[in-house]
Amino acid sequence: MKKRLYATFSGRVQGVGFRATCRRLAIRRGLTGWVRNLDDGDVRLEAQGEADALEAFLSDVRAGPVGAGIQNEQVDWREPTPGEDEFEIRL
């Protein structure tokens, strides 16, 4: 069953390779979506795919790259968005 993950992470998540790590992990798990830095220092992402792949991806993201430190997260599950075919880093 396909789902869409909508999440915002705060803490030490900018300037540590967090977005690139999210993209690499999403591609490895066959997910589509995007990740971007927010002006307030947080990082937001949306990813979609099979529910078990999303759960594993979220666990991987929580481990983060070396140097990252997630202090808070907000996670929500939504309906998939049709027509998405890649995972990208947005500016």
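Quick check: anything in segment 81-88 at pLDDT 95 or above, within 22 Å of Gly15 (Cβ to Cβ) and not aliphatic (A, V, I, L, M)? Within segment 81-88, one or more residues are at pLDDT 95 or above, within 22 Å of Gly15 (Cβ to Cβ) and not aliphatic (A, V, I, L, M).
Is it the case that some residue within segment 18-36 is more than 12 Å from Glu86 (Cα to Cα) and either more than 13 Å from the chain's Cα centre (by Cα) or free of Cβ contacts under 8 Å to residues at least 24 places away in the same chain (or both)? No, the conditions are met nowhere in segment 18-36. The residue that is surrounded by the fewest Cβ atoms within 10 Å (Cβ to Cβ), counting only those in segment 16-48 that are within 18 Å of Arg62 (Cβ to Cβ) and touching an Asp or Glu at 6+ places or on another chain (Cβ under 6 Å), is Leu25.
Here Val66 fulfils each of the conditions (1) over 12 Å from the mean Cα position of the chain (by Cα); (2) under 14 Å from Tyr6 (Cα atoms) apart from (2). Residues in segment 27-55 that are of a type in the set (Gly, Ala, Ser) and within 18 Å of Glu79 (Cα to Cα): Gly30, Gly33, Ala47, Gly49, Ala51, Ala53. Taking (1) at pLDDT 95 or above; (2) in contact with a strand residue (DSSP E or B) (Cβ under 9 Å, 6 or more places away or on another chain); (3) of a type outside the set (Asp, Glu) in turn, Gly17 satisfies each apart from (2). When segment 50-75 is filtered for residues that are of a type in the set (D, E, K, R) and touching a Leu at 6+ places or on another chain (Cβ under 8 Å), only Asp60 remains. Would a scan of segment 82-89 turn up a residue that is in contact with a Leu (Cβ under 8 Å, 6 or more places away or on another chain), touching a residue at least 24 places away in the same chain (Cβ under 8 Å), outside any loop (DSSP other than H, G, I, E, B) and surrounded by fewer than 18 Cβ atoms within 10 Å (Cβ to Cβ)? Among the residues of segment 82-89, not one is in contact with a Leu (Cβ under 8 Å, 6 or more places away or on another chain), touching a residue at least 24 places away in the same chain (Cβ under 8 Å), outside any loop (DSSP other than H, G, I, E, B) and surrounded by fewer than 18 Cβ atoms within 10 Å (Cβ to Cβ), which makes the answer no. Contact map, segment 53-79: residues that are over 22 Å from Gly15 (Cα atoms) and in contact (Cβ under 8 Å) with a residue 24 or more places away in the chain paired with residues that are aromatic (Phe, Trp, Tyr) and assigned to a helix (DSSP H, G or I), Cβ distance under 7 Å, separation 6+ or inter-chain. No pairs are found.
The values are calculated or read from the model by the stated rules, or taken from the named source; none is laboratory data. Just so you know, these numbers come straight off a predicted model, no measurement behind them. Because the Cβ atoms are built from the backbone with ideal geometry, glycine has one as well, and the counts that use them run over all protein chains shown.
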